[in-house]
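Undergrad: Okay, handing you the structure first.
Quick note: the coordinates plus some simple rules give every number you see, no bench work behind them. Predicted model, so just to flag it, every value in this text is computed and none were measured. Because the Cβ atoms are built from the backbone with ideal geometry, glycine has one as well, and the counts that use them run over all protein chains shown.
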Amino acid sequence: MIIPVYNEEECLPELLQRMDAAMEGIGKPYEIIYVNDGSRDDSLKLLTEASAANPSLKIIDFNRNYGQHSAVFAGFEAARGEIIVTLDADLQNPPEEVPKLVAKMLEGYDVVGSVRQQRQDSFFRKTASRIINRVTATVTGVQLHDYGCMLRAYRREVVKTLCASKEISTFIPVLADLFAGRITEIPVVHAERTKGVSKYSFLKLIRLQFDLITSFSLLPLRSTMFIGVTTAALAVAAAFVLITGRLLFGSDWAVSGIFTLFAALFFFMGILLFSIGLLGEYVGRIYMEVRSRPRFVIRHVITDGKERHS
């Protein structure tokens, strides 16, 4: 079990209690790995106290905030189980749903995703999620119903392959499904967030979606090339019309279209600048990859309430 934690001190006491009860109910050996993603509140203190009382808990403490996906990767690298489940710490996906995913995995699946039923989010979040799901499916070719739900189960072989992929920017649900054989989804309960605040702002959601598109597909570059070819053809056609009008109707007709010409010129310049920026984004990603910097830095690993340097 892997749970990223970032400033969730209000949710942790209830999460720790409910998570332990849910895992005990499965009736199999388990471990729970909490990854403290640079929390600035008392989250680490609460986790350390809990690990002292429960030997099944392991705490990975980052030196700063690296983001949810980096935290999950740290948990993947430390996990020892054959079935590995990820979960958010905000309690919107109830811990009591975890046994459902484990039971489904025992049917022989490599990845089991979840689809949130009757989502308790705002209208904006639900609308943005639907748009993101549609765009993600189109761009990546991986057909899932709910990419944003963290409650997912993976077989160990898939996790090993994920850890061997050293991409800096990646999206775990899509990457896992590219490597998995048998994939399925099950409906799960979704609860309203009653404590703490969401860590995803509108700008973060937009950035995450852009990272996803540029990390898994060349479609933006190909679309830009198509737009460039199309606008070039339209520019040639417009030039032909202007020249023909000049020859047939004289210079007055050509002068009357000068503002249309300016508008078209500015439009083409906008496309050109956008294309350069998009190309720069891909080149920047290549630059980040070739530097081969680590995804995260672990400050401590805590077991039995005791800190051990990584």
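Undergrad: So what's the net charge close to R182: Lys and Arg +1, Asp and Glu -1, counting the other residues with Cβ under 13 Å from its Cβ?
TA: Result for the local shell: -3.
Undergrad: Any idea how far apart S165 and Q118 come out in nm if each label point goes 7 Å out from Cα toward Cβ?
TA: It works out to 3.5 nm between the two label points.
Undergrad: Below 15 Å, Cα to Cα, which aspartates and glutamates can K100 reach? Residues fewer than 8 away in the same chain don't count.
TA: Once the sequence-local aspartates and glutamates are set aside, what remains near K100 is E24, D110, E185.
Undergrad: Shifting gears a bit: As an exercise, use a Förster radius of 22 Å and the Cβ-Cβ distance of Q17 and E77 to find the FRET efficiency, rounded to the nearest 0.05.
TA: 0.20
Undergrad: For segment 42-81 and segment 14-36, what is the separation of their C-alpha centers, rounded to whole Å?
TA: 13
Undergrad: Subtracting the Cα-Cα distance from 0.36 nm times the residue separation, let me have the gained length for L106 to A52 in nm, one decimal.
TA: Working it through step by step, the gained length comes to 16.3 nm.
Undergrad: Any idea how far apart R308 and I26 come out in nm if each label point goes 7 Å out from Cα toward Cβ?
TA: 2.1
Undergrad: Quickly work out the E281-to-R222 label distance, labels modelled 7 Å from Cα along the C-beta direction, and quote it in nm with one decimal.
TA: 1.7
Undergrad: Of K45/K306; K58/K160; K28/K195, which pairs sit farther than 23 Å apart, going by alpha carbon to alpha carbon?
TA: Pairs exceeding the cut-off: K28/K195.
Undergrad: Can I ask one more? By how many nm would the segment from R193 to R299 grow when fully extended, if each residue of separation counts as 0.36 nm and the alpha-carbon distance is taken off?
TA: 35.2 nm
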